[in-house]
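Asks: Encoded as structure tokens, here's the structure I'll be asking about.
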Amino acid sequence: MEPLAVFPDPPSRWLSRALASAGYPYEPVAGAAEVERCEPAEGWAGAVVEMGTDGAGISLCRALRKREEQVSPVLVAVTDDQLAELDFDEGLFDDFVLVGSAALEVEARLAQLFRRLRRGTEHEIIQYGPLALNLATYQAALDGRPLDLTYMEYELLRFLAAHPGKVFTREALLQRVWGYEYFGGARTVDVHVRRLRAKLGEEHAHLIETVRSVGYRFGSVRWLPEGRVSDWQS
Amino acid sequence: MQSQREYVLRTVEERGVRFVQLWFTDVLGTPKSFSITPAELENALDEGMTFDGSAIDGFSRVQESDVLAKPDPKTFQILPLGVGRQDGSVSSVARVFCDILNLDGSPFEGCPRHVLRRALERARARGFAFYAAPEIEYFYFADGDGSLTPKPLDGGSYFELTVADLSSDLRKRTVLTLEDMGIPVEYAQHEDAPSQHEIDLRYTDALTMADTIMTVRLVVKEIASERGVYASFMPKPLSGVQGSGMHTHFSLFEGEKNVFSDDGDEHGLSTLGRHFIAGVLEHAPEITAVTNQWVNSYKRLVAGYEAPIYVSWAYNNRSALIRVPIAKKGRPESTRIEYRSPDPACNPYLAFALVLAAGLRGMEKGYELQPEASSNLFLLTPEELASEGIRPLPKSLADALQVMERSELVAETLGEHVFEWFLRNKRAEWEAYTREVTPYEISRYLPSL
């Protein structure tokens, strides 16, 4: 088996013990650059990232996701008080484990992830009413008609549609979707929402709702599971 | 970067895109493009496409004429049916805006996108984001034949409700196409002059807006030409009626905060906002050669047609160069300034860069704002204007070039390459114009002299 990339370098004692007892080979990495440099010929088997408190952990997760050759699965280790933030960064990892959990739990989670990801080759689809997003092909469709989105429009729609009913501030969206690598500042979010609404067309523009003096919300919380789409529409 | 690239390549594949148009702009704001096949796209995204820049206005250099067009994957967009396809084929066509680079990968100094990007980066280094929302005016004519007097399509006027008239139909189709491309339109309406129309865009950051203006000009022209009509952004195509302007609303944000806004002020305008306006006014004559870059631009900037001719500002006075619309109650974020001299035939990248640089200079140096122009400036005598300290805008391209040439601010913002080339090119345009004997002179002088 190829080694797992483990962050930070060195990992905490808790994590190195857990990994050793699980018996997975691993290689500590200090950041995204080392992930590139030390990558084994067959690619990493996956990654375990300790979130830490300085944001370096989540940046690394983001870097892993942005790679052409995706590193997966990604397991993150977090503390109790970081649990609440996990929702926002959902797309950036595959599972999480609490720092200090038993070595057996770490092992079980990794084993579970490997099983799931090896088998699950179907494309991931986000569906909400008339809107469908195919995450594997980056395509979005409305009532079966393809939407011609720019990259940032697609990314914003994907993020919003993955969290129906949740309200996000502009700052939060800017951070989660753009990662602050953009000229526009917070107003950029408004601009992209307007562009998306224009493309969704009058009939579906309301899918993205403005929550006054807070931010935006996609769809409603009481969204029913896929099997009942037709009920909802009628 | 990696995932944007992946997104573009994947979309091209999934959607069966047959051609990708690489769009860029020469120094005068003329759109340029060449098409590549999907097979070439990957390489274009990674390394750029080499082409000979010597045929492009403002790109030529003495020793080395090859440059690279490097697609900006953020701007990749599949074009709606009919746009960008002269042959009317139905296969999918996409466009992507390009930055122009030197062969070593450094930004090419002649690239207008680079000029604006650099100005925006300077603003961003101080925490500011700059937004623009233009009102684009243009005419529909029966044809684009340069040898004839242009023929308007209708006799409608401002806000007129014209039933089933061709030009309103064209405008409507244009708006729908723009919305399909993710370009939200705030208003679209018939303007004062016959066959004159206006499309107002919702604000975006200035770089996106400059790209958008290039797209809008193309869409307007193409939709017109599908119906055998010619759309023109010429600043003053008909004498005796209003010309076409591109009044542009500008705002500056620091994070979520509108820098121009101050709840404590009677008019909601902040001190920094005043300094910004003062900066734009101070340098307005210097940047006019760029915001109004053609001989014909100055036929629009004359008294009597709602175009500005004096360096002035006001809250609600449409003869002023800068208008500060009163922000709606409870919406301080909408505080902005409206700069009224630019015309829709300017190069928006260069124009926006200069307005931003002038405004920031005003904030930096704390320029004092002159008093608001309270009366209709068109009615004041030259003496009255002089006593109020109100300067005129340049009256001709030659005037404007003379002021621009001495401007440190313009040279610094445009960069030596663009600055020099622009002056040289525009002087040649003026020279050629002065040698012409015009129909006006023939009709006026021949019968009597």
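The values are calculated or read from the model by the stated rules, or taken from the named source; none is laboratory data. Quantities reported herein were computed from a predicted structural model and do not represent experimental measurements. Neighbour counts run over all protein chains shown; Cβ positions are idealised from the backbone, glycine included.
Asks: Tell me, which residue of segment B:106-157 that is under 20 Å from the mean Cα position of the chain (by Cα) and of a type in the set (Phe, Trp, Tyr) is farthest from B:ILE199 (Cα to Cα)? First the steps, then the outcome.
Replies: From segment B:106-157, those under 20 Å from the mean Cα position of the chain (by Cα) are B:109-121, B:123, B:129-140; that's our starting set.
Imposing the further condition that a residue be of a type in the set (Phe, Trp, Tyr) reduces the set to B:130-131, B:138-140.
Numbers: B:PHE130: 21, B:TYR131: 17, B:TYR138: 9, B:PHE139: 11, B:TYR140: 13 Å.
Per the stated criteria, the residue is B:PHE130.
Here is a yes/no grid of residues against (1) touching a His at 6+ places or on another chain (Cβ under 7 Å); (2) of a type in the set (A, V, I, L, M, F, W, C); (3) crowded, with 17+ Cβ neighbours inside 10 Å; (4) under 23 Å from A:ALA102 (Cβ atoms):
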| site | (1), (2), (3), (4) |
| --- | --- |
| A:SER59 | no, no, no, no |
| A:PRO73 | no, no, yes, yes |
| A:ASP89 | no, no, yes, no |
| A:LEU92 | no, yes, yes, no |
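Asks: Looking at segment B:194-209, I want the residues that are farther than 21 Å from B:ALA123 by Cβ and of a type outside the set (Lys, Arg) and have a partner that is surrounded by fewer than 23 Cβ atoms within 10 Å (Cβ to Cβ) and modelled with pLDDT of 95 or more with Cβ atoms under 6 Å, at least 6 apart or on another chain. Which pairs are those?
Replies: B:GLU198/B:GLU135; B:ASP200/B:GLU135
Asks: Which residues, taken from segment B:221-268, are touching a Ser or Thr at 6+ places or on another chain (Cβ under 7 Å), among the hydrophobic types (A, V, I, L, M, F, W, C) and either free of Cβ contacts under 8 Å to residues at least 12 places away in the same chain or farther than 24 Å from B:GLN293 by Cβ (or both)?
Replies: B:ILE223, B:VAL259, B:PHE260
Asks: A follow-up question, please. Select from segment B:426-449 the residues that are exposed (fewer than 10 other Cβ atoms within 10 Å of the Cβ) and basic (Lys, Arg) and list them in ascending order.
Replies: Scanning segment B:426-449 gives a single hit, B:ARG435.
Asks: With respect to A:LEU147, is the statement that it is of a type in the set (A, V, I, L, M), over 16 Å from the mean Cα position of the chain (by Cα) and not assigned by TED's automatic domain parsing to the domain that holds A:SER59 true? Give the steps one after another, and end with the answer.
Replies: Details: of a type in the set (A, V, I, L, M): yes; over 16 Å from the mean Cα position of the chain (by Cα): yes; not assigned by TED's automatic domain parsing to the domain that holds A:SER59: yes.
For A:LEU147, the condition - of a type in the set (A, V, I, L, M), over 16 Å from the mean Cα position of the chain (by Cα) and not assigned by TED's automatic domain parsing to the domain that holds A:SER59 - is met.
Asks: If you don't mind, another one. Being part of a loop (DSSP other than H, G, I, E, B) and of a type in the set (Phe, Trp, Tyr) is true for just one of B:TYR367, B:TYR349. Which residue is that?
Replies: On the way: B:TYR349 fails: part of a loop (DSSP other than H, G, I, E, B).
Testing whether each residue is part of a loop (DSSP other than H, G, I, E, B) and of a type in the set (Phe, Trp, Tyr) leaves just B:TYR367.
Asks: Also: If you scan segment B:1-16, which residues turn out to be more than 10 Å from chain A (Cβ to nearest Cβ) and at pLDDT 90 or above?
Replies: From segment B:1-16, those more than 10 Å from chain A (Cβ to nearest Cβ) are B:12, B:16; that's our starting set.
B:VAL12, the sole residue that qualifies.
Asks: Which residue pairs have Cβ atoms under 7 Å apart, sit 6 or more places apart or on different chains, and have a first residue in segment B:98-120 that is at negative phi and a second that is at pLDDT below 90 and of a type in the set (D, E, K, R)?
Replies: Once the first residue is at negative phi and sits in segment B:98-120, its partners that are at pLDDT below 90 and of a type in the set (D, E, K, R) give B:LEU103/B:ASP66.
Asks: Further, regarding this structure: Condition (residue is of a type in the set (A, V, I, L, M, F, W, C), at pLDDT below 90 and crowded, with 18+ Cβ neighbours inside 10 Å) applied to segment B:81-90: is it met by at least one residue?
Replies: To start, the set of residues in segment B:81-90 that are of a type in the set (A, V, I, L, M, F, W, C) comprises B:81, B:83, B:90.
Right, trim to at pLDDT below 90 and you get B:81, B:83, B:90.
Now drop any that are not crowded, with 18+ Cβ neighbours inside 10 Å, which leaves B:83.
Checking segment B:81-90: at least one residue is of a type in the set (A, V, I, L, M, F, W, C), at pLDDT below 90 and crowded, with 18+ Cβ neighbours inside 10 Å.
Asks: In segment B:210-220, how many residues are within 11 Å of the chain's Cα centre (by Cα) and in contact (Cβ under 8 Å) with a residue 40 or more places away in the chain? Outline the logic, then answer.
Replies: Looking only at segment B:210-220, we keep the residues that are within 11 Å of the chain's Cα centre (by Cα), and these are B:210-214, B:216-217.
When the remaining residues are screened for being in contact (Cβ under 8 Å) with a residue 40 or more places away in the chain, the result is B:210-211, B:213-214, B:216-217.
Result for segment B:210-220: 6.
Asks: Let me ask something else. Quick check on this structure: which one of B:VAL280, B:VAL295 is modelled with pLDDT of 95 or more, among the aliphatic types (A, V, I, L, M) and closer than 26 Å to B:GLY146 by Cα? Working first, answer last.
Replies: Values: B:VAL280 fails: closer than 26 Å to B:GLY146 by Cα.
Selected residue: B:VAL295, the only one of B:VAL280, B:VAL295 that is modelled with pLDDT of 95 or more, among the aliphatic types (A, V, I, L, M) and closer than 26 Å to B:GLY146 by Cα.
Asks: Which number in (1) at pLDDT 85 or above; (2) within 14 Å of another protein chain (Cβ to nearest Cβ); (3) not in a strand (DSSP E or B) marks the one condition that A:VAL106 misses?
Replies: The one condition A:VAL106 does not meet is (2).
Asks: With the checklist (1) away from chain B (no Cβ under 14 Å); (2) farther than 30 Å from A:ARG17 by Cβ; (3) buried (at least 16 other Cβ atoms within 10 Å of the Cβ) in hand, flag the one item A:LEU113 doesn't pass.
Replies: (2)
Asks: Just checking, does segment B:40-48 include any residue being assigned to a strand (DSSP E or B), surrounded by fewer than 16 Cβ atoms within 10 Å (Cβ to Cβ) and either modelled with pLDDT of 90 or more or over 26 Å from the mean Cα position of the chain (by Cα) (or both)?
Replies: Keep residues of segment B:40-48 that are assigned to a strand (DSSP E or B), which gives none.
Looking for residues that are assigned to a strand (DSSP E or B), surrounded by fewer than 16 Cβ atoms within 10 Å (Cβ to Cβ) and either modelled with pLDDT of 90 or more or over 26 Å from the mean Cα position of the chain (by Cα) (or both), one finds none in segment B:40-48, hence no.
Asks: Right, next: For B:GLU306, are the conditions met, namely being within 14 Å of chain A (Cβ to nearest Cβ), in contact (Cβ under 8 Å) with a residue 24 or more places away in the chain and not basic (Lys, Arg)? Don't jump to the end; show me each part of the working.
Replies: Numbers: within 14 Å of chain A (Cβ to nearest Cβ): no; in contact (Cβ under 8 Å) with a residue 24 or more places away in the chain: yes; not basic (Lys, Arg): yes.
No.
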